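Please read the structure below before turning to the comments.
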Amino acid sequence: MRIAPDNTITVLVKHLEMGQGVYTGLPMLVAEELEVAWEQIQVESAPANAKLYGNLSWGGTAQGTGGSSSLTNSWDQLRQAGATAREMLIAAAAAEWKVNPSTLKAEKRPGHSCRDRAKGQLRPTGEQSRRNHRL
């Protein structure tokens with residue numbers, strides 16, 4: 001996953017789109033965990049590299065799509081990736097605003113992903129991702 005300065009989030013999908021909706025369903029998992037608008041999501045096919053993108057349903061030794069394995073194979077990976085990124089964005093905003101991360105909340109707003117509950121401050125997703133390079 002990549003978060004760009006323009007607030008777009010690119011999700012690498014390791015399964016091929018062959019009409020079963022993996023280019024929609026899998027990136028939606030990331031969008032839900034990040035609490036970002038679907039319009040911010042872009043999809044790219046993962047490069048050929050079975051070591052990094054192997055289908056775990058097939059033992060992780062081959063990269064491919066089949067047997068209705070795409071969603072079940074990537075569910076945990078993408079939810080964890082989205083949740084980890086969300087927590088990193090919250091940590092970056094908390095550090096910048098000098099507040100406890102527990103006072104911040106990820107919110108689904110176009111172009112933003114973090115709000116300070118007390119102050120109402122919003123942090124653009126892309127700006128937060130730039131700050132995460134320091135975490």
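Listed values, structure above:
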item	result
Sum of side-chain charges, Ala83 neighbourhood, beta-carbon under 13 Å (Lys, Arg +1; Asp, Glu -1)	-3
Sequence ranges 7-18, 97-108, 25-36, ranked by mean other-Cβ count within 10 angstrom, highest first	25-36, 7-18, 97-108
15 Å beta-carbon shell around Ala46, net charge (K/R +1, D/E -1)	+1
Distant alpha-carbon pairs in region 1-74 (separation over 18 angstrom), percent	39 percent
Proximal charge balance of Tyr23 [Cβ under 13 Å; K/R count +1, D/E count -1]	-1
Kirkwood hydrodynamic radius (C-alpha pairs) into Stokes-Einstein, region 50-106, 20 °C and 1.002 mPa s, D in µm²/s	160 µm²/s
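Read-outs throughout are calculated quantities, based only on the coordinates presented, and are distinct from any laboratory measurement. Model, not experiment: these values are computed from the prediction. Because the Cβ atoms are built from the backbone with ideal geometry, glycine has one as well, and the counts that use them run over all protein chains shown.
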